[in-house]
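Read the structure below first, then the notes.
The values are calculated or read from the model by the stated rules, or taken from the named source; none is laboratory data. Small disclaimer: the values here were computed from a predicted structure and weren't measured. Positions of Cβ are generated from backbone atoms using ideal geometry, with glycine treated the same way; all protein chains shown enter the neighbour counts. Note: areas computed on protein heavy atoms with side chains; ligands, DNA, RNA excluded. Shrake-Rupley method; radii C 1.70, N 1.55, O 1.52, S 1.80 Å.
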Amino acid sequence: MISKQDIQKLSELARIEVRESEVEKLRHDLERVLEYVEQLGRAETGTVEAFTNVTGMTNVATSDDARVVVPADVAGLVDAAPGHDQSFVKVPSVWKKR
Amino acid sequence: MTPTIKDAAAAVANGDMTSEALVRKVFEMSHEKENTVHAFLELYESSALKEACMVDEVVRTGGGAKPLLGIPIAIKDNIVVSGHLASAASRMLETYHASYDATVIKRLRDAGAIIVGRTNMDEFAMGSSTENSAYGTTKNPHDLSRIPGGSSGGSAAAVAAGECAAALGSDTGGSIRQPAALCGVVGLKPTYGAVSRHGLIAMASSLDVIGPITKTVEDAEVIFNVIKGKDPLDSTTVERAVIPEQSAKEIRIGIPKEYFGAGLHPEVKQAVENTLQKLQASSAGWRIKLKEISLPYADYALPCYYIIMPAEVSTNLARFDGIRYGLSEKSDDLLEVYTKSRRSGFGEEVRRRVLLGTYILSAGYYDAYYIKAQQVRSLIKRDFEKAFEEVDVIASPTTPTPAFKFGEKSNDPVEMYLSDIYTVSANLAGIPALSVPCGMSSEGLPIGIQFMGRWLEEDTLFRVGKKVEEFQ
């Protein structure tokens, strides 16, 4: 059901490196879980609406006001990034240099 | 006998007991037990003692009573506490220091609680045995060769071993109730949205909820009342408009036949049935009436959960990319920073679930798996709505078996997933559920009974749970 190529494709989509030695076990495990959840196909669902939320909530829009952000809070969040410079998060270049 | 939280907080407030003494006592216990149990990833000894002394000082200068005044509480490692590490038991967040307090932490502190440390768990709350922690396994205090349950295994073991007065856990598919049952303590999974998730490291956002693990039902009630309520920082939070009348002369308990079938350990079945019989026979104050009911979609709950949960996991965990927080593998190539950081930061089960969720959400499978599962979820919720027209509470075992041995279920993911078979429905439907100890197996392992209630009717569960405690 799940092929080696599927695992490679999922690895690309999920942005997780999968090593050659891990492919077979992963393939087996995913297949095992998918086989288990297959039984859902037997449930009579007809035209039942898909679940959206528990408490009957509706969307809440907040007003478009500028909020005062405490600089210390910003610093706390930026500091959590492995690469940062002052109040900026550092990222390797997205486009390759020619 | 250890005092209840209510009594201890009152004793601290009127000066009969100091918070410092309470906190010192739990750390003494930790020093004795941690070598074997390993419930904690970190103890906050110096900050906790300092905070406890401050509480005592406030009492001496005339400070008033608070519901958790001076009470030592442990926190699952996926709930952020400002200035402390919050790793979700993952290598990915090994060095991540939280820069703010979760809403539940703020509320605990406002109520006078002392945070004593962060507890072990399955990585990112994915697991049922705490074996998936990147920092070693926690042992069940009742039998060190067995798992404490999971994913909040450290919190349940810490409470059971006397290393804190109470602990917070999180429950996505049973992660509070299952370890509470296996460690012989009380665990509450509140109604979805009753407690703010702000500051909880998300696993599956439509299922996650924070709740207490405690020694008694009353303790769980006290903590729930402190942490619950609407929070502007979590727009899914709800407030109950009217407090339900707690004077009903009769509570009807439904027994769903689907929860007592194949796969249920005979001793667990026996203990749960005995407890229900005793409840029916007790006549003090108000009566309990048992009724057999049916939840026709119950058998679909676990497969439904194993579609919705990994789908949400794969999207929620996309934020761990080696850029925003935690572990980052160096590379000049941005894509490689992502793929290598996620490979080395995430453990095996987490990678498996992210890949599974990615598969489920990919074009061509989305309708067959995800939409189908959401339809079944509607039907599971409808099952409960119908059942709650004729009963007030639904009772079942919390787990199919008592605590199993280390490694017993590690080779087959589905075997492990089956330990949540009785708990996932409450998460899918968003209803509250309480696990209460109800007996011991012949091997001396704790057994738990689960009570599920109507949306936002935790109070009814506490009432029934307290009655069960009278028999123990």
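If you take the Cα centroid of the stretch B:82-131 and the Cα centroid of the stretch B:380-432, the two points sit 25 Å apart. The magnitude of the dipole of the stretch B:5-227, with charges of +1 and -1 set on the Cβ of Lys/Arg and Asp/Glu and taken from the Cα centre, is near 300 debye. Based solely on its DSSP helices, what 222 nm [θ] is calculated for chain A when runs of n ≥ 4 H residues each add -39,500 (n - 2.57) and the sum is averaged over all residues, nearest 500 deg cm²/dmol? Result for chain A: -12000 deg cm²/dmol, rounded to the nearest 500.
Surface composition of chain B: carbon and sulfur atoms hold 51% of the protein heavy-atom accessible area at a 1.4 Å probe. A cut-off under 13 angstrom between Cβ atoms defines the neighbours of B:Tyr370, and their net charge, with Lys, Arg +1 and Asp, Glu -1, is 0. For the stretch B:5-227, the equivalent ellipsoid derived from the alpha-carbon gyration tensor has semi-axes of 25, 18, 16 Å in decreasing order.
Its relative contact order, with pairs defined as Cα atoms under 8 Å and 6+ residues apart, puts the stretch B:299-374 at 43 percent. Could you let me know the centre-to-centre spacing of the stretch A:23-70 and the stretch B:204-281, using Cα atoms, in angstrom? Computed from Cα coordinates, the inter-centre distance equals 24 Å. A P(r) calculated from all alpha carbon pairs of chain B, with 20 Å bins opening at zero, reads 26, 59, 15, 0 percent. Taken over the protein assembly as shown, the percentage of Cα pairs per 20 Å bin, counting from 0 up to the bin with the maximum distance, is 21, 56, 21, 1, 0. Only the Cβ atoms of Lys and Arg (+1) and of Asp and Glu (-1) were treated as charged; on that basis the dipole of the stretch B:167-309 about its Cα centre amounts to roughly 340 debye.
Of the residues B:Gly285, A:Trp95, A:Val33, the one whose Cα sits farthest toward the positive end of the charge dipole of the protein assembly as shown, with +1 on the Cβ of Lys and Arg and -1 on the Cβ of Asp and Glu, is A:Trp95. Helix content alone sets the calculated 222 nm mean residue ellipticity of chain B: runs of n ≥ 4 DSSP H residues at -39500 (n - 2.57) each, divided across all residues, give -12000 deg cm²/dmol. For the chain pair A and B, the buried solvent-accessible surface (1.4 Å probe, both sides summed) amounts to about 4900 Å². Accessible surface calculations at 1.4 Å, restricted to protein heavy atoms, place the stretch B:46-182 at 25 Å² per residue. The residues packed around B:Arg177, meaning those with a beta-carbon under 13 Å from its beta-carbon, carry a net charge of -1 if Lys and Arg are +1 and Asp and Glu are -1. Hey, got the dipole for the protein assembly as shown? About the Cα centre, +1 on K and R Cβ, -1 on D and E Cβ, debye to the nearest 20? In debye, rounded to 20, the protein assembly as shown gives about 340. Of the residues B:Cys53, B:Cys304, ranked by 1.4 Å probe accessible area with the largest first, the sequence reads B:Cys53, B:Cys304. FRET efficiency for the pair A:Met1 and B:Ala10, taken as 1/(1 + (r/R0)^6) with r the Cβ-Cβ distance and R0 = 45 Å, rounds to 0.15. Beta bridges from DSSP with both residues in chain B: antiparallel share about 65 percent, rounded to the nearest 5.
Built from the Cα atoms of chain A, the convex hull projects on average onto 14.0 nm², one quarter of its surface area. In terms of distances greater than 24 angstrom between alpha carbons, the cross-link table entries B:Lys66/B:Lys249; B:Lys215/B:Lys278; B:Lys249/B:Lys467; B:Lys189/B:Lys466; B:Lys269/B:Lys289; B:Lys139/B:Lys340 yield B:Lys66/B:Lys249; B:Lys139/B:Lys340.
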